[in-house]
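Notes to accompany the following structure.
Only the coordinates and a few stated rules stand behind these numbers; no lab work does. The model shown is predicted, which means the values in this text are computed figures rather than measured ones. Note that each Cβ is placed from the backbone with ideal geometry, even for glycine, and that neighbours are counted across all protein chains shown.
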Amino acid sequence: MKNKFHLTREQNIFIARRNIVDYIWKSANLEGIKITYPQTQVLYNGGVINGLTASEIVAINNLKRAWQFILDNELKYEFSVLSKIHEIVMNGLVSNVGVIRTVPVNIGGTNWKPGFPIESQIKEELEEIINSEEKSKTEISLDVMLYIMKKQMFLDGNKRVAMLFANLIMINAGAGIISIKNSLQSEFYEKLIAYYENNESTNLKKWLYINCIDGIDL
């Protein structure tokens, strides 16, 4: 699985900034927030939108701040950064932001349940995935994203955090952006549930690689 795009970090950041409202809009819809692209643009620019709950508005503004955190800073691929992203994304939405959960969680659409996360184990497993010398940065990013989603290490917001952390790796490598179109989100959830249940990521990774990597050929 080769990198689809070969950009500099600066070029990738430029693309991300240019399309940031689109990425926030898609992420919000992936989390069940029914907001239009124009509404997302208004919120991004500091405007007011009627018809959304207070928590939905907070969630979208948090996504904006999380993207800015990634694009404005040179960050390491460490658990502390992952925790910081969760802190930003879920600020004002859940308690104990940036902290490993200590209670069980259920996953909608399946009887499968994630085990309790162990911080030392997560750090070790993340490091092993990220430092792979055999895989492209694109494949590593997808592996990291799916690992975080399945591990469900935080009480809520795991998909948002997983995609942002994976995109941090993608951007630094100049490999593009992972972004799931609204029209593909139902199919993505079906494949994600299958991955949760059978722990087989190959088909989901191929699907994401084909359909969900955004970038520009220069």
Worksheet item: Among the numbered criteria (1) closer than 20 Å to Ala28 by Cβ; (2) without any contact (Cβ under 8 Å) to a residue 60 or more places away in the chain; (3) in contact with a Ser or Thr (Cβ under 6 Å, 6 or more places away or on another chain), which single criterion is violated by Asp214?
Response: (2)
Discussion item. Looking for something crowded, with 17+ Cβ neighbours inside 10 Å and either within 26 Å of Arg65 (Cα to Cα) or within 16 Å of the chain's Cα centre (by Cα) (or both) - is there at least one such residue anywhere in the stretch 193-201?
Written reply: no
Worksheet item: Which of the helices (runs of 4 or more DSSP H) contained wholly in the stretch 74-182 include at least 1 residues that are surrounded by 18 or more Cβ atoms within 10 Å (Cβ to Cβ), touching a residue at least 40 places away in the same chain (Cβ under 8 Å) and small (Gly, Ala, Ser)?
Response: 158-173
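Yes/no matrix, rows are residues, columns are (1) small (Gly, Ala, Ser); (2) touching a Leu at 6+ places or on another chain (Cβ under 8 Å):
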{"residue": "Asn73", "(1), (2)": "no, no"}
{"residue": "Ile88", "(1), (2)": "no, no"}
{"residue": "Asn91", "(1), (2)": "no, no"}
{"residue": "Val105", "(1), (2)": "no, yes"}
{"residue": "Lys123", "(1), (2)": "no, no"}
{"residue": "Glu127", "(1), (2)": "no, no"}
{"residue": "Ser132", "(1), (2)": "yes, no"}
{"residue": "Ser136", "(1), (2)": "yes, no"}
